[in-house]
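Remarks on the structure that follows.
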Amino acid sequence: MTPTSAGPVGVVVPTHDRPQLLRETLHSVLAQDTGADLDVVVVYDRAEPDEALTSLSAPGRRVRVIPNSRTPGLAGARNTGVLALDTELVAFCDDDDTWLPGKLTAQLARLAAAPGTDLVTTAITVAFDGTETPRLAGTETVARGDLLRSRMAMLHSSTFLLRRAALLGGLGLVDEAIPGSQNEDWDLLLRASARHPVAHVDQPLVRVRWGASSHFSRQWQTRVDSLEWMLDRHPDLRSAGAGTARVYGQLAFGHAALGHRREAARWAARAARVNWREPRSLVALAVASGAVGAESVMTTLHRRGRGL
């Protein structure tokens, strides 16, 4: 498949109670300059579908709205959309993010150059509190080892372009068992990269909003639960050196934010044993001691386009 011969591309947009941001997302998707037709499925999760959005449809740009018929949450909503499509390719975009011009065209070209891959991503621009920060990967191919060493946050779910046959076959759908649907994109990246390296376009072609608009921004218990789920689901994360220490440091910080001082200290010590340079363990101990607040740490990181 070449960029000019690409068939229709399905786009899954899960949504929950963000009508204005959702319209901005849809306009950015529908404005893509690709020659491929688009079949956009807006999946309402625990909310009444807004049928008026179908009026955004135009020749070669269909918009549909449906309710989430699977597990409540982001993962179930994504899968509902995938199953409602019949396109060869499926793209994801969250309802508070926007695609920049040329996003799909660049990905279709990258896919044509890497016919064995299941997944193509792009870099992102992080938008937070009036500032925008590009996040690049520095590579055009991402292996599983790369994703074990680093979460690679620039490979955001809103950049994903996948082969639908892989989602319905050997790769599998988005895992609906992960707590709160957090880290579901990292899980999918790890599974995809175990089959074939992930193809990447290292240009910031998706604007990702961080902060108040995120439904996940401050769900500390869910963060902790999902990280522990990831360690169980992907045992090689426990032997990934600096990558292991990073996850342990994140767990330490999550427990510190929850006020679990003993658990925070335990995970911080585990992180330090693996990699004494891991900064998250020290920050977690500072939060646990009350020297600094978890919210202020996250705000400082987000202003720099970084996460925990």
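Table for the structure above
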item: Elements of type helices (runs of 4 or more DSSP H) in region 204-308, at least 2 residues being of a type in the set (Val, Ile, Thr); result: 220-233, 242-257, 279-289, 294-303
item: Whichever residue in region 117-140 is modelled with pLDDT of 95 or more and part of a loop (DSSP other than H, G, I, E, B) and, among such residues, is surrounded by the fewest Cβ atoms within 10 Å (Cβ to Cβ); result: 138
item: Among the residues listed as 21, 89, the single one being in the same structural domain as residue 126 (by TED's automatic domain parsing) and surrounded by fewer than 18 Cβ atoms within 10 Å (Cβ to Cβ); result: 21
item: Residue satisfying condition, being touching a strand residue (DSSP E or B) at 6+ places or on another chain (Cβ under 6 Å) and not in a helix (DSSP H, G or I), within set 70, 62; result: 62
item: Some residue of region 175-190 being farther than 22 Å from residue 99 by Cα, part of a loop (DSSP other than H, G, I, E, B), out of contact with any helix residue (DSSP H, G or I) (no Cβ under 8 Å at 6 or more places or on another chain) and at pLDDT 95 or above; result: no
item: Matching residues in region 19-37 - criterion: being in a helix (DSSP H, G or I) and either touching a residue at least 40 places away in the same chain (Cβ under 8 Å) or in contact with a strand residue (DSSP E or B) (Cβ under 9 Å, 6 or more places away or on another chain) (or both); result: 21, 22, 24, 25, 26, 27, 28, 29, 30
item: Residue within region 190-200 that is under 20 Å from residue 81 (Cβ atoms), assigned by TED's automatic domain parsing to the domain that holds residue 28 and surrounded by fewer than 22 Cβ atoms within 10 Å (Cβ to Cβ) present; result: yes
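The values are calculated or read from the model by the stated rules, or taken from the named source; none is laboratory data. Because the structure is predicted, anything quoted here is derived from the model rather than measured. For neighbour counting, all protein chains shown are included, and Cβ atoms are generated from backbone atoms with ideal geometry for every residue, glycine included.
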